[in-house]
Amino acid sequence: MNGSFNLILYQISIWAIPAVIAITFHEASHGYVAHLLGDNTAWRQGRVSFNPLVHIDPFGTVVLPVVLLLLRSPFLFGYAKPVPVNFRALLHPRMGTILVAAAGPGMNLLLATIAALGFHIVGYVPAPGAQWLAANLKNALLLNVILAIFNLLPILPLDGGRILVGVLPGSLARLLSRAEPYGLLILIGLIFLLPLLAAQLGINLDPISRLIMTSTNSVVGTILWLTGNI
C-alpha cells in the first residue's frame, strides 16, 4: 500500500511541479509585459505574481484536466484564469497587443530551454534525486513546449489569436475579434467533437492534436540540439 501511495506522490510531483511553474510564469509574463508597456490592470489586481494560487482556475486548471485524464482522453486540455489586460491603455496598442500576447509562449519556450540545460547537471546529483530531477526536467521541457504551441494557435482567446489581431489590418482584426466569444467552443469542437464525429464515419481526423504533436517534436528536438543534448 505504501509503495502504491509513494508512486502516486512521485507521479504527482514530476507532473504537478513543472505544470504549475509553466502556467504561473506564462500568466505572470503577460501581466509583466503589459505593465512595462503602460497597462497596470494586472499589476493592480496582483496578477503579476509567481504565486500560482492567483492564476489557478478551479475548474479549468484542476477539474477539467483530471476528468479528461480519468476518461483517458487522447488530449489533455485546461486553462488558467486569464490575466486582465486593457489593450487600449498600452503605449502602442497594436504592437503592444502582439508583445503582451507573445510574452506567455515566449516565457514557456524560455522555461523549456532552461529545463533542457538542466539535463547537464543531472549527472552530478546523487542517484535517488537524479531520477526525480531528470523526470521533472523532461516533463518541464515537454509541457512548456506544448503550452507554447497550443497558445500560439491563431484562435481567440488564445495568444495566437491576439497576435493575429495585432498583425491583421483593422477591418479583418475587428472581424476576428467578433469571433472571440465563440473561441472556446471552436477549440472544443476541433479538439474533441470533430475527431469523435469523424471516428463514427471511420475517418481519422484530428488536425489540432496532430499539429501540436508534430510541432512539439520539432521544437523539442531543436531545443535539445541548441542546448547540446543531442
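Which condition number does ILE223 fail, the rest of (1) at pLDDT 90 or above; (2) farther than 21 Å from ASN151 by Cβ; (3) surrounded by 12 or more Cβ atoms within 10 Å (Cβ to Cβ) being met? The single condition ILE223 does not satisfy is (2). Within region 116-140, being farther than 12 Å from ILE14 by Cβ and of a type in the set (A, V, I, L, M, F, W, C) holds for ALA116, LEU117, PHE119, ILE121, VAL122, VAL125, ALA127, ALA130. Of the helices (runs of 4 or more DSSP H) lying entirely inside region 151-226, those containing at least 3 residues that are in contact with a helix residue (DSSP H, G or I) (Cβ under 8 Å, 6 or more places away or on another chain) are 159-167, 170-178, 207-226. The residue that is farthest from HIS26 (Cα to Cα), counting only those in region 83-98 that are in contact with a Lys or Arg (Cβ under 9 Å, 6 or more places away or on another chain) and not in a loop (DSSP other than H, G, I, E, B), is PHE87. For region 1-41, the set of residues classified as small (Gly, Ala, Ser), under 23 Å from the mean Cα position of the chain (by Cα) and at pLDDT 90 or above consists of ALA22, ALA28, SER29, GLY31, ALA34, listed by residue number. Considering region 30-53, and only residues there that are of a type in the set (S, T, N, Q) and more than 22 Å from ARG94 (Cα to Cα), the residue that is surrounded by the most Cβ atoms within 10 Å (Cβ to Cβ) turns out to be SER49.
If you go through region 1-41 and keep only what is over 27 Å from ALA130 (Cα atoms) and part of a helix (DSSP H, G or I), you end up with GLU27, ALA28, SER29, HIS30, GLY31, TYR32, VAL33, ALA34, HIS35, LEU36, THR41. Look at region 95-119: where a residue is modelled with pLDDT under 95 and surrounded by fewer than 24 Cβ atoms within 10 Å (Cβ to Cβ) and a partner is outside any helix (DSSP H, G or I) and not charged (D, E, K, R), sitting 6+ places away or on another chain with Cβ atoms under 8 Å, you get GLY96/LEU37; GLY96/GLY38; GLY96/LEU90; THR97/LEU90.
Test PHE59 against the stated conditions and say whether it is farther than 18 Å from LEU90 by Cα and either in contact with a Phe, Trp or Tyr (Cβ under 6 Å, 6 or more places away or on another chain) or modelled with pLDDT under 80 (or both).
Against the criterion (farther than 18 Å from LEU90 by Cα and either in contact with a Phe, Trp or Tyr (Cβ under 6 Å, 6 or more places away or on another chain) or modelled with pLDDT under 80 (or both)), PHE59 qualifies.
Can you tell me which residue in region 127-165 is surrounded by the most Cβ atoms within 10 Å (Cβ to Cβ), limited to those that are modelled with pLDDT under 90 and more than 19 Å from TYR79 (Cβ to Cβ)? Out of the qualifying residues, it is GLY129.
To keep it simple, each residue is scored yes or no on (1) within 15 Å of the chain's Cα centre (by Cα); (2) of a type in the set (A, V, I, L, M, F, W, C).
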{"position": "LEU152", "(1), (2)": "yes, yes"}
{"position": "PRO157", "(1), (2)": "yes, no"}
{"position": "VAL165", "(1), (2)": "no, yes"}
{"position": "ALA179", "(1), (2)": "no, yes"}
{"position": "GLY189", "(1), (2)": "no, no"}
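The sole residue among GLY166, GLY123 that is farther than 18 Å from SER215 by Cα and touching a residue at least 24 places away in the same chain (Cβ under 8 Å) is GLY166.
The values are calculated or read from the model by the stated rules, or taken from the named source; none is laboratory data. Model, not experiment: these values are computed from the prediction. Don't worry about glycine lacking a Cβ; one is built from the backbone with ideal geometry, like all the others, and counts go over all protein chains shown.
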